[in-house]
C-alpha cells in the first residue's frame, strides 16, 4: 500500500503500477536528476570522484538488496562477485580490446555464472549455513585470482585497465567517468525497480517470507533462489566492471570480506527490502567515510598529540556505533524513517 | 637649492637599496607543494608514523637549508589513503585542486598502481616509500622508487655468502610467505627468479601459510629435513616470530633472512628480546640505523631543528630516504631548468637524465633510466645481524645485480 | 612416515584449537540463536586484555590468566547489555547484523586503544615441545587441545543435561515461548555472551602464547568458521570431530598438495570440504534438522 496524496486515483492498470504518479513527483525526480548532473560542474572533480564511488557502490548494493532484501538470501561475498566482474572486464579489455558496451554485460554475466553456483547451493543449504557458505566465495575468488595464470587475471600483480571507450569518446577523466557511471547506475537502478515490481520481485518476497509455503503456492523455489543470486551477482559484476574502468587497476586486495561486510552495513543503515533504501545506505556510509577522510588531516593538525592514526581509526568506531545504533533504534533503516516522515508530512496537520 | 648633506643622501640611498633587497629575494623564492600520501588506519598503519615524520623533516630541512639558496620553497601536506585504491583515486582530484603538487610521496603499491595513469596525466612525479613491486615495474614510469624489488635486495646477501664461503654449489634456501596479500606472493616469486637467473641459490622449500601463522613447527620441520641453510621471511614480524618459535622447538639453527619492515629490531621486539634473533640477518638497500652510522648526524639535526620526534630506526630511515630522493630530484630539476615554473615533468626529466647525488647521504649516487622505475645503477644493499645481542652491520654497499622482470 | 605422523598430530591439535575458537560461535548460537560474526575480534580483544595485564601492568602470569578471563567476561557482559538487551524478541537476522556492526566497532576500539603495533604475547605455555619418538608436538597446542576437549565435552553435557543449559537451548529456539515458560531470556543471553567472550580469551591464550599480537589476529575467527559449519551450528561436542577433520585435512594438504601445486591450496581445503559436506548434510554433521510447519 503506497501512500499517495488525496485525489490521486488510477484508471488503468499501467497507472496503478507506475512508480511516479503525480506531476509533483515528476518534478521532484527532475530536480534530483538535475542536481546529480550538476555536481561535477558546480562542486568540482573531487566531488565527482566521490560520486563515482557512490554510483559504483549503488549498483553493487542494489544487486545485494535484490538478493538479500527482497529474496532473503544472505550473500556475504558480494565484493568477491564484484571482483569477478572487475577482473573479467580487465582481462577482456587487455586481451581482446573489446568495446566497453560489450564488456559491461560480459562482466555481469561472468559474475552471474559464478553466483549461479551459490544459488544452486542455496537450494539445499539454508539460513546461517548459507550465509557462511557464501564466505567461501571470497576465499575461492582470492585463491583463483592469485593462482590462475598471469596472462588470464594478472596473478599476484593485478591488471591495469585502459580507459573506457564509448561512441568514440575516451573516458579517462573523473568528470567524464561520473556521467558514464551515472547513466549506467541510473539504468541499472531503474531496471532493479522494475524487477522489484514484477512477478519475479513478488516471488522473491514470497520465498523470503516462507519458502516452503511459496513452494506450495506454485513458485519454483529452486529457480527463484538461483535467479535471486544470479541477478544480485550480475549487478555486482557490472559494478565491478565500472570499478575497473574507474580505478584503472584491479587487484585482489580491493575485494575483501571486509568490503562485503561494509556493503551489508549499507543495507542495514538504508533499510532492507527497498531499492531506494539501499541507495540511502550507500550515500550515508560512503559519505561519512569521505567526510572523516577529509576532516582527518585538519583534525590531526589540530591535535597532534593524538596522532593521525587515532583520528582515522576512530572512523571505524564511529561508523560501527552508527550501524549498531541504527539497528537498535531504527532496525528498518533510514528508508522506514523517511517513509514515516513523508507520511506525517502528507497528512499534516492530522496526527494519523 | 638647499644643500642635501652627503650623509643624508648616502643613508637614503642605502635605505632604498636595503628595501629593494628583500623584494628581490621574495620574487626569487618560488613555493611548491608536495602531496604526501599515508596510511593511518589501514594495514600498514603501524609503520606509518616514523616514515611520514622522516620524509616531512627532510623536506623541511632541504627547503630551509638548500632550497632557500636556490630560490625554491617546499611545503608538504599528508592525506590518509587507508591503503585503499578507491580512497586514493577519490582523494586525487581534491589533492590536485588544493595543492597543485609538483611531486607526490606515495605510500605503496596501492597508490602506485591506482594512480599511475593519473600521475602521468597530471604530469606529477611520484616517489614511493618502499621497495618496487613487480606490478609497478614498467618502462617510462611516472612512479619512481629509491629501492629496487625485495628480490633485488636479497640477491646481494646470498652473493656475499657465496663469495665469502667460496661456494661451488648453490645455497639451499627456504621461503615462508603467504597468499593473503598479492605483494607477499610477489616476494616469493622474486626469490624464485633470483634462484633461476643468478644460480647462486636454490629454493628447496616454499611454505605458504596465514599472515599470522598459528604454528609453523611441522613446516619448519620440512624445511630442516630439506636441508635448507637459510630461511627467507619477508612478509611480516608475526611470521618471523612463529618461525623462530618453531626453530627453537626443533632445536634447529637456521638463520632467518628478513627485510626492512620485519627487520631484526622489529622482529626482536615482537619475539620478546633482540637476543633471540642472534645470528639472523636483515638485508635491504636502506641505511642501517646504528648509532655510529654517518647518517645519524643528519637524523640528529632533523630531530633538533626540524621536528623529527621519532626514534632513529629503519622506518625513520625509510621516510628520510624517500624524502631524500624527492629533494634530490627537485634539486636536479632546479639546476637544470631554474627555480621558476617547476613541474613534475621537469623533475622527472631531470631524474631520468642525470645521476642524482645529494648532500643528505641517505642514498648513494643513483642513476635512473627509462626501463625501470628504480635506479638501474648505483644501488647497493646492506646487511645487518645480531651479534652478541647487539645490532651490528655485517656488510655494507654490496652491489645490487640487474635482474630481468619475472 | 614420520612426516605423516607429525602432520596428523599437529593437524589434529590445530583442529582442536579451531574447535575452541568455533566453540565461541557455538556457545553464543546455542544459547541465543545469534551468530556472532565478530568472534575473531573477541579473540583479539581477549588477547589484548592478557597482554595489557601481563606486559603493561606486569602482573605475574598466575594472576594474569584468571584476571583476563574475568576481564573478558566483563567485556562480554558489557557488550550484551549495551547492544543485545534491547533486541530481545527481534529477528535473529537483525541480531546478526548487530554483530556485523560490532565487528567494525571492536576493531576500531582496539586500534584506538592499543594502536596497530605488533607486540610480543606473554609465554603462557612452555616453549619446549613434547617429543614422542619421531613426533614433535608443541606444548601450547597440546594443552590447548586438552582444554578444548574438556571444555567442549563439559559444555555439551551442560547444554543437554542441566536445567540451565536446557533453558538456554529453549531461549535459542524461540524467545517468546521461553519467556512464556518463565525462562529469563535476558539472563540467558547475558550468560551466552559472557561465556562466549571467556572462551575466546582462552582461545587467544592458546593461539598466541609465545607469539606476537596485533589487530590482524582476528583472521582466525574466519578460519575457524568452517569448523563450526561442519559440526553444525548447534552442536558443541561435534565441534571436536569437525575440528579434527578440518585440521588433519588442512595439514595433509599443506604437506602434500601445496608443493605440487606451488600455491596455498591448504587454505582453501577447509572451505571446499565444508561445501561438500553441507551438500549432503545441509545442517552440518551434527546440526539440528528443524521441521518447519507451514
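Points worth noting:
- Label sites at residue A:288 and residue A:96, each approximated as a point 7 angstrom past Cα along Cα to Cβ, lie 4.3 nm apart.
- Two-site FRET efficiency, residue C:184 against residue A:325, from Cβ-Cβ distance with R₀ of 25 Å, rounded to 0.05: 0.45
- Mean partner shielding of peptide C:258-268, defined as the number of other chain Cβ atoms within 10 Å of each residue Cβ, is 6.
- Residues listed by number, segment A:311-352, amide nitrogen under 18 Å from residue A:22 label point at 7 Å toward C-beta: A:338-352
- Shape of the protein assembly as shown, Cα gyration tensor, a/c cut at 1.5: oblate
- Rounded to 10°, Cα long-axis angle of helix B:85-99 versus longest principal axis of chain B: 10
- Residue with peak Gaussian network fluctuation, chain A [Cα springs, cutoff 10 Å], from A:155, A:122, A:213: A:213
- FRET E, pair residue B:380, residue B:169, Förster distance 25 Å, beta-carbon r, rounded to 0.05: 0.40
- Residues A:39, C:227, B:51, sorted so that the one with the fewest Cβ neighbours within 10 Å comes first: A:39, B:51, C:227
- Virtual spin-label span in nm between residue B:390 and residue B:291, 7 Å along Cα→Cβ: 0.8
- Neighbouring Cβ atoms from other chains, within 10 Å of the Cβ of residues in A:318-331, number 6 on average.
- Placing a label point 7 Å from the Cα of residue A:148 along the Cα-to-Cβ direction, the residues of segment C:251-294 whose backbone N falls under 20 Å of that point are C:261-269, C:271-272.
- Fluctuation leader among A:313, A:192, A:112 - chain A, Gaussian network, Cα springs under 10 angstrom: A:313
- Residues considered: B:356, B:325, B:198. Largest GNM mean-square fluctuation over chain B, using C-alpha springs under 10 Å, is found at B:198.
- Taking other Cβ atoms within 10 Å as a rough exposure proxy, B:328, B:359 sort from fewest to most as B:359, B:328.
- Average partner coverage of A:121-129, which counts Cβ from other chains inside 10 Å: 6
- Distance (nanometres) between label positions extended 7 Å along Cα→Cβ at residue C:289 and residue B:253: 6.2
- Against chain B, whose longest principal axis is taken from its Cα atoms, helix B:6-28 shows a tilt of about 30°.
- By the beta-carbon count within 10 Å of each Cβ, the least crowded to most crowded order of A:142, C:187, fewest first, is C:187, A:142.
- The alpha-carbon positions of chain A define a convex hull whose volume is 179 Å³ per residue.
- Nearest-0.05 FRET efficiency for residue A:38 and residue A:10, computed from C-beta distance (R0 35 Å): 0.55
- Relative contact order of chain A, pairs being alpha-carbon contacts under 8 Å that are 6 or more residues apart, as %: 28
- Shape summary of segment A:145-279, radius of gyration then Dmax from alpha carbon positions: 18.3, 53 Å.
- For chain B, DSSP calls about 30 percent of its internal beta bridges antiparallel.
- Beta-bridge orientation, the protein assembly as shown: approximately 40 percent antiparallel, per DSSP, counting only bridges with both partners inside.
- Using only the C-alpha atoms, the convex hull of chain B corresponds to 158 Å³ per residue.
- The protein assembly as shown - mean residue ellipticity at 222 nm from DSSP helices (-39,500 (n - 2.57) per run, n ≥ 4, rounded to 500): -20000 deg cm²/dmol
- For chain B, the longest principal axis of the alpha carbon atoms and the long axis of helix B:237-250 meet at an angle near 30°.
We did not get these values from a lab; they are worked out from the coordinates using the rules stated. No experiment lies behind these values; they were computed from the predicted model shown. All Cβ positions, even for glycine, are placed from backbone atoms using ideal geometry, and neighbour counts span all protein chains on display.
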